[in-house]
Amino acid sequence: MKALKNMRELQLMKQKLEYQERLYEKEIAGSTADIVDNLTDKLRDLAFQFGSHLILQLIHGKRK
């Protein structure tokens with residue numbers, strides 16, 4: 001980090017850091033939403049497969 005020469009540079013550096021912080025927070029929020037969405041899709045698929053498997057077992061079990 002370079003040495004600051006005056007208060008104006010300090011203020012600009014502070015604004016830049018605040019902007020970067022907000023940007024990183026948005027990126028994290030977006031990534032988190034994607035992870036939750038992906039997990040939800042996988043759980044839905046798993047529940048469908050499990051339910052289908054149970055139905056098929058019931059159908060084949062009644063035939064015997």
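A few points about this structure:
- Normalised alpha carbon radius of gyration of the chain [divisor 2.2 N^0.38 Å]: 2.50
- Using the Cβ of Asn38 as centre and a radius below 14 Å, the other residues enclosed give a net charge of -2, where K and R count +1 and D and E count -1.
- The long axis of helix 7-63 is offset from the longest Cα principal axis of the chain by roughly 0 degrees.
- Label sites at Asp34 and His60, each approximated as a point 7 angstrom past Cα along Cα to Cβ, lie 3.9 nm apart.
FYI, it's all coordinate maths here, none of it is from the lab. What you are looking at is a predicted structure, and each value in this text was computed from that prediction instead of being measured. Virtual Cβ from ideal backbone geometry, glycine too; neighbours counted across all protein chains shown.
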